[in-house]
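Coordinate-derived values only; no laboratory data. The structure presented is a predicted model; accordingly, all values stated were derived computationally and were not measured. Methodologically, a virtual Cβ is constructed for each residue, glycine included, from the backbone with ideal geometry; neighbour enumeration extends over all protein chains shown.
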Amino acid sequence: MKYLERRKVEALVFLALVSIFFGVLGHYMGTRNLLSTIMNTAHSLLLNTVFYLMSITVLAGAFGQLLIEFGVVRLLEMLFAPLMRPLFRLPGVASLAALMTFFSDNPAIISLSEDKNYSSYFKRHELISLTNFGTAFGMGLIVITFMAGKGFFSASLIGFLGAVVGAMISTRLMQYLIKDEELHKTYFPSVAHEEKIKLKSEGSVGLRFINSILDGGKLGVDIGLSIIPGVLIISTIIMIITYGPIDPKIGYQGLAFEGVPILPKFASYFSFFFKILFGFKSPEAIAFPITSLGSVGAALSLIPSFLERQIIGANEIAVFTAIGMCWSGFLSTHTAMLDSLGYRELTSKALLSHTVGGIFAGIFAHYSFLLFNLIIN
C-alpha cells in the first residue's frame, strides 16, 4: 500500500510540474506556437546538427580505431604512463582509460574496469577513482574536432588542457573522499600481466586497415545514433527556455529556436560569478554546461545557434571544450560503473568530485585563454 501511495504522489507531482512548465511557456508563446516551435526545433537539430555530429563521430571513430590497431595508442600509453602517478595518483596503465574514452565515449571506461586483467593493476580506491579520471576525456576527439571545425582550433586545445586539470582535481578529490572507506588496503585478485587489453588483430596490413576504418566508422555511427535522444530532447527543452522570439517586433511565430528566456533570466542573477569564473559575456552561455551534465553531444548542438547569435566567442569555446570533455554526460556513466564494481553507495561522492572537477576545468580554461591572448598580443 505504501508503494502504491508513493506512486500516486509521484504521478500527481509529475503532472503538476509538467503542467506548470508547459503552462507558463504556452501562456507567453501560445499553445500553437509552442508546439510548432518544439517540432521545428527538433527537426532542425536533427537535420543540421545531428547529422553533422554523426559525420564527425564516424570519421573520428575510424581514425581512433586505426590508432588502436596499429599500436599508436600503446605508444601513447607508454609516453603518458610516467605522468599518471604524480598527477593523478594512478598506475601507469590508467593512461589507457583516458585514451580509450578520448577516442570513443564514456562507456569504454566501464568495459575496461570490468576487465580483471586490467583492474588487477589497481588498488580498489584507485579503480573506483578511475571512473572520474576516464570520463573526464569522454568524446574528447569529437569535441575538439567539432570546435576546430567551427574555426576555434587554439581555443579547443586550451579547453583540452582545462579538461586535464579537471580530471586531476576530480580524481584526487574522489580518492580523498573515500580515504576512510578502508579500500586502500585491498587489491583485486592478481592475474598475469602480459596484455592488459587485447588491442591486436591478425591479417595483412591492408586488411587490418580496411577492417579498422570500417569497424571504427560503425562505432562512430553507433555513437552518432546514441546522441540523437539527448540532442532532440534535452537541447530542445534547453533552447525553448533560453531564447526569446526571433523577431521581438512580430512576436512568436512558432519558428525553430524560439522560446521564453527563463534560463538567462535566472542566470543573470549570477552573471557576475559566471563572468569571474568563466568569462561568459552572455547569461545564455550557461546552457552549455548545464546540458553537458546529461549529454555533451546535446551540448554541442547549442554551439551553432550561439555563434549565429554572437552569444559566444573563442573564450567561451575554450571553456565549453574543457567542461564538455570533463563532464561529458557523466551522470549515467558514474552510476553504471560504480554499480558494476559493487560500490553504488559511493556514487554521490563520485558525482560531487566530478562536478567540482568540471567547474575548475572551465575556470582553468578561461584564465589560460586570457594568458594565451596576452602572450600572442
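General observations
- Over the chain, DSSP H runs of length four or greater, each weighted -39,500 (n - 2.57), average out per residue to a 222 nm ellipticity of -22000 deg cm²/dmol.
- Taking the C-alpha atoms of the chain, convex hull volume expressed per residue in Å³: 176 Å³
- Residue order, fewest to most surrounding Cβ atoms within 10 angstrom, among Thr171, Thr355: Thr355, Thr171
- Of the chymotrypsin sites (Phe, Trp or Tyr not before Pro) found in the range 238-313, those in coil by DSSP whose Cβ has at most 13 other Cβ atoms within 10 Å are Tyr269, Phe270.
- Given 13 as the ceiling on other Cβ atoms within 10 Å, longest exposed-site-free region of the chain for GluC sites (Glu not before Pro) in DSSP loops: 203-377
- When Rg and Dmax are taken over the Cα atoms of the range 26-99, they come to 22.1, 60 Å.
- Within a Gaussian network of the chain (alpha carbon springs, distance under 10 Å), most fluctuating of Leu352, Leu173, Leu12: Leu12
- Based on the Stokes-Einstein relation at 10 °C and a viscosity of 1.306 mPa s, and on the Kirkwood radius from alpha carbon pairs, the range 316-377 is assigned a translational diffusion coefficient of 123 µm²/s.
- Most fluctuating residue given options Ser204, Ser156, Ser119, as computed from a GNM of the chain linking Cα atoms under 10 Å: Ser204
- Acute angle (nearest 10 degrees) that the helix 205-226 long axis makes with the longest principal axis of the chain, alpha-carbon atoms: 40 degrees
- Gaussian network model of the chain, springs between alpha carbon atoms under 10 Å - residue of Leu15, Leu99, Leu341 with greatest fluctuation: Leu15
- Dividing the Cα radius of gyration of the range 231-297 by its Kirkwood radius returns 1.01 for Rg/Rh.
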